[in-house]
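Working notes, structure below.
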Amino acid sequence: MSPRNDPDARTWRELRVEVTERLVDVVGDAAPAEARWIVLEASGLDDAEILVEDDEPAPALARHRIEAMVERRRAGEPLQYVLGSWQFRGIDVMVDRRVLIPRPETEVVVQVAIDELVARGARLGRTDPWAAGITEFAVADLGTGSGAIALALAAELPDAAVWATDVSDDALAVARANLSSIGTAATRVRLVRGRWFDALPIELRGGLRLVVSNPPYVTAAEHPALPADVRDHEPYGALVSGDSGLEDLEHLIAHAGEWLEPGGALVLELAPHQAEAAVTRAREVGFVAVDVRPDLTGRPRALVARRP
């Protein structure tokens, strides 16, 4: 049936209003923005196209898809999972319950990592001249999850060979699916299974210019108090480190020096209240130029340390 002859037909504009009304008791002031994202995703149109089509009736298939997405959101599922993807430093990253949702705090961590590499002479640019696979330096993203950090580094640093590791086969499947989002730069990303440094080939020991990670840093006791959309939907193992929340951070700090080249940088995302302990531990194991950089809210978020 043609949308124009469908008695249940609504225009894209009408659907946005309807979705907003259905979400306002769930997400409050965010309802108009979330309604726009949901309708846009269901439409298959881009921003410019939907402006032109705004007063056209939406096909029944799109309406059914919107209905399903709204029900999932009303049930508390995170918007990013409902949409199936989220933007991370300009990259469209597929996400689902197998991986953490990429967050603005982690975008800041990537910027800190890039700044450290640029300080060592790395080039910036989203072109990929490495048809032959030649690279200038190697970096490792440990616990890659969706691959967001690794993809951003490969896309923005044309001389980098990026090793992305994860202990979860499910997470690596998502990361592998996301490789296509960065085009030919994906040829410089290697996905490997294993726990932290154990996943890396031994020949990289002492040769990495950067080790970066967003490891689990929530305590087991903190997990029940997390927001419901995080606690009930995002993977427990990617959130919780142990009783102290420092277990994985301390492991990475303790072993990174063996894998970094002289002058290489370690960049780790952490919770603000963990900054002091992480700085102390990094200095104890011999790192220099140890610092903690803030996130967009001004809170301590990224540990930075260099191998002497």
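The values are calculated or read from the model by the stated rules, or taken from the named source; none is laboratory data. The shown structure was predicted, so the numbers you read here are calculated from the model rather than taken from an experiment. A quick note on method: Cβ atoms are made from the backbone with ideal geometry, for glycine too, and the neighbour counts reach across all protein chains shown.
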Worksheet item: Out of (1) part of a helix (DSSP H, G or I); (2) farther than 24 Å from residue 96 by Cα, the odd one out for residue 289 is which?
Response: (1)
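Which helices (runs of 4 or more DSSP H) does the stretch 145-256 wholly contain that include 3 or more residues that are among the charged types (D, E, K, R)? Outline the logic, then answer.
Details: elements: 148-156, 169-178, 228-231, 236-239.
Answer list for the stretch 145-256: 169-178.
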Fill in: Answer from 265, 278, 271, 282 - the residue that is buried (at least 20 other Cβ atoms within 10 Å of the Cβ), under 21 Å from residue 148 (Cβ atoms) and small (Gly, Ala, Ser)
265
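The rows are residues; the columns are (1) surrounded by 14 or more Cβ atoms within 10 Å (Cβ to Cβ); (2) part of a strand (DSSP E or B); (3) free of Cβ contacts under 8 Å to residues at least 40 places away in the same chain; (4) not assigned by TED's automatic domain parsing to the domain that holds residue 14.
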position	(1), (2), (3), (4)
69	yes, no, yes, no
82	yes, no, no, yes
86	yes, yes, yes, yes
108	yes, no, no, yes
125	no, no, yes, yes
Worksheet entry | Matching residues in the stretch 187-222 - criterion: being farther than 24 Å from residue 302 by Cβ and among the polar types (S, T, N, Q) | 187
Practice prompt. Of the numbered conditions (1) crowded, with 19+ Cβ neighbours inside 10 Å; (2) under 30 Å from residue 125 (Cα atoms), residue 180 fails exactly one; give the number of that condition.
Written response: (1)
Discussion item. Within the stretch 237-258, does at least one residue satisfy the condition of being hydrophobic (A, V, I, L, M, F, W, C), over 22 Å from residue 281 (Cα atoms) and surrounded by fewer than 17 Cβ atoms within 10 Å (Cβ to Cβ)?
Written reply: no
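Taking the stated definitions as given, is residue 263 part of a helix (DSSP H, G or I) and either not assigned by TED's automatic domain parsing to the domain that holds residue 121 or not polar (S, T, N, Q) (or both)? Spell out the reasoning first.
Values: part of a helix (DSSP H, G or I): no; either not assigned by TED's automatic domain parsing to the domain that holds residue 121 or not polar (S, T, N, Q) (or both): yes.
It is false that residue 263 is part of a helix (DSSP H, G or I) and either not assigned by TED's automatic domain parsing to the domain that holds residue 121 or not polar (S, T, N, Q) (or both).
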Discussion item. What's the total number of residues in the stretch 297-306 that are in contact with a Pro (Cβ under 6 Å, 6 or more places away or on another chain) and in a loop (DSSP other than H, G, I, E, B)?
Written reply: 1
